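The values are calculated or read from the model by the stated rules, or taken from the named source; none is laboratory data. Computed from a prediction, not measured in an experiment: that's the story for all the values here. In this analysis, Cβ positions are derived from the backbone assuming ideal geometry, glycine residues included, and neighbour counts consider all displayed protein chains.
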């Protein structure tokens, strides 16, 4: 077991070194910056939700992130039917419960609403592609759609931050 731990540490160290060699790679912070310095450097638009709704939005984002992780794992194991099911439950239009989406949209800037709608539409596209892959074995399209879903998440988190 200790040998496996040392190997994992060596790999993570090598990956960190390798990341520093790529243009555009984000360097690892030496220490946590203070919030005032972060606010000056962080160019994302601030989105303010009422406290209870903010908690719900953050919980939904964590559900999306968990769903993406589960989808990726299922695809890696060739279980596209499971990936489609997880996408439906955590990212698809049916994952939006009650009037929460409508309440959230009232506080979101138009660009954030558009990115959210795009993610949910891409999830629907992914579900169909993953179900097709279950029947055909062609995993290319679900992989491509999954990548676009991730890019949509990254674009939203790069442009907006909750306050």
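Annotations for the structure displayed:
- When segment 89-100 is limited to residues that are buried (at least 17 other Cβ atoms within 10 Å of the Cβ) and assigned to a helix (DSSP H, G or I), the one that is modelled with the highest pLDDT turns out to be 90.
Okay, residues lined up against (1) part of a loop (DSSP other than H, G, I, E, B); (2) under 18 Å from the mean Cα position of the chain (by Cα); (3) at pLDDT 50 or above:
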| residue | (1), (2), (3) |
| --- | --- |
| 24 | yes, no, no |
| 28 | yes, no, no |
| 31 | yes, no, no |
| 39 | no, no, yes |
| 52 | no, no, yes |
| 66 | no, yes, yes |
| 70 | no, yes, yes |
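- Counted residues, segment 102-148 - those being surrounded by fewer than 16 Cβ atoms within 10 Å (Cβ to Cβ) and part of a loop (DSSP other than H, G, I, E, B): 3
- Complete set of residues in segment 66-77 that are surrounded by 13 or more Cβ atoms within 10 Å (Cβ to Cβ) and in contact (Cβ under 8 Å) with a residue 12 or more places away in the chain: 67, 68, 70, 71, 72, 74, 75
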